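Below: the structure, in structure tokens.
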There are 2 protein chains.
Amino acid sequence: MPSIEVWIEYASTYSYLTVARIGRLAELAGVTLDWQPFLLAPVREQQDLGWPFPEQSAKAAYMWRDLERRANSLRLPYRRPSAYPVNSLPAARVAYAGQQEGWCRRFTEEAFRLHWTEDCLIGTDQNLREAIRAIGLDADDVLRRANSPENKIALKAQTPRAIERGIFGSPSFVVGRELFWGDDRLEGAIDWALRHADGAP
Amino acid sequence: MPSIEVWIEYASTYSYLTVARIGRLAELAGVTLDWQPFLLAPVREQQDLGWPFPEQSAKAAYMWRDLERRANSLRLPYRRPSAYPVNSLPAARVAYAGQQEGWCRRFTEEAFRLHWTEDCLIGTDQNLREAIRAIGLDADDVLRRANSPENKIALKAQTPRAIERGIFGSPSFVVGRELFWGDDRLEGAIDWALRHADGAP
């Protein structure tokens, strides 16, 4: 079955559009998703790139308007959260534990939904606990595993793995040796996965 | 008739995809194009943004691969030029004169085509002269008007006009008060122009 690595930074705005629809799109297309939570800031630091949307910049103002328009045209619920950027580290740790244990997709969808429709911010204890409970797991248990030294180290090891793949933003999709960046490229990545499922270039 | 301002920096890579198809798309849709050549570097300088694709960066490497894939999927001829970035000032001056005289689209299409399919680089005298001649004008005449003090000053005045509109990249499309950035948003801009032709929000 064709497969796509889905690299997600949990503070990324456009990644909401992807998280809200990739699960269903991949199911319809018959493509397997390999969720790869990571932290974008250390990746961009190593590349001498700043945060993609400097506060007060024209680029940030555009991003908010464009995001809203895109959410509307994709018919996704959208409510601008009260804070940006957020500290995504706690969510990334939980998500990485979920990647190891097979519930990363469900947690990620719920954490993003809470952030982007209920202003329950990613990175807060409330967001983590509500998202974990919503997928039927015990919040204390999961948070213990998420904050274990092994899990913290494993999440950090995602940084060189992301850099190896040429990643510099979120969402990113890796299909074989091809990289696709941005929610705009989601359909392109799925299409590529379907056409090159046998590993053909 | 619905109308779109098309803001183009002549050294921009993704702008090739737009220049190669926007004329025909707009004709089919019944939308008027208002060409607005400008210089992106001073706009980004005022916003403390660097050039979008730092040399040797993962982002630049991605851009080249993505551009080629996009050109292929849009069935546009594509040959990677031997230099990047180029000095776009001479081309922008000619294009701005063309904007005043009504031949901006034809010159722009030809200058980009020479750059992106024949490695005849935008910004060189050869590119300018061949593009001007191809649209049936006298190169010496046009270059004289392009390099007149009035034209130089008018092109410079595009910088504050771009900033006023919230522009920070190329291609950018302005439809009423809505800004769309990137070749990916071309269809969205045309769609917006058609749905809001009466000025409705």
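Values quoted throughout were computed directly from the atomic coordinates according to the rules given, and no laboratory measurement underlies them. All of these numbers come straight from a predicted model, not from anything done at the bench. As a convention, Cβ positions derive from the backbone with ideal geometry for all residues, glycine included, and neighbour counts pool all protein chains shown.
The set of residues from segment A:1-16 being more than 22 Å from A:T117 (Cβ to Cβ), of a type outside the set (G, A, S) and not in a loop (DSSP other than H, G, I, E, B) comprises A:I4, A:E5, A:W7.
Of the set (1) out of contact with any Lys or Arg (no Cβ under 9 Å at 6 or more places or on another chain); (2) in a helix (DSSP H, G or I); (3) crowded, with 23+ Cβ neighbours inside 10 Å, all apply to B:A131 but (1). State whether one or more residues within segment A:109-128 are surrounded by fewer than 17 Cβ atoms within 10 Å (Cβ to Cβ), within 14 Å of another protein chain (Cβ to nearest Cβ) and not in a helix (DSSP H, G or I). Checked against the condition, which is being surrounded by fewer than 17 Cβ atoms within 10 Å (Cβ to Cβ), within 14 Å of another protein chain (Cβ to nearest Cβ) and not in a helix (DSSP H, G or I), segment A:109-128 yields no hits at all. Do we find that B:N72 is of a type outside the set (K, R) and within 14 Å of chain A (Cβ to nearest Cβ) in this structure? Taking the combined requirement at face value, the residue satisfies it. One residue is enough: does segment A:122-136 have a residue meeting the conditions touching a residue at least 60 places away in the same chain (Cβ under 8 Å) and more than 30 Å from B:A193 (Cα to Cα)? Among the residues of segment A:122-136, at least one is touching a residue at least 60 places away in the same chain (Cβ under 8 Å) and more than 30 Å from B:A193 (Cα to Cα), which makes the answer yes. On inspection, B:D48 fails the criterion of being acidic (D, E), buried (at least 18 other Cβ atoms within 10 Å of the Cβ) and within 12 Å of chain A (Cβ to nearest Cβ). Taking the numbered list (1) within 14 Å of chain B (Cβ to nearest Cβ); (2) crowded, with 20+ Cβ neighbours inside 10 Å; (3) out of contact with any Ser or Thr (no Cβ under 8 Å at 6 or more places or on another chain) in turn, A:I22 passes all entries but (1). Taking first residues from segment A:169-192 that are touching a residue at least 24 places away in the same chain (Cβ under 8 Å) and partners that are basic (K, R), the Cβ contacts under 7 Å between residues at least 6 apart in sequence or on separate chains come to A:F173/A:R185; A:V174/A:R165.
For segment B:74-90, does any single residue satisfy the condition of being surrounded by 16 or more Cβ atoms within 10 Å (Cβ to Cβ) and in a helix (DSSP H, G or I)? Yes, because at least one residue in segment B:74-90 is surrounded by 16 or more Cβ atoms within 10 Å (Cβ to Cβ) and in a helix (DSSP H, G or I).
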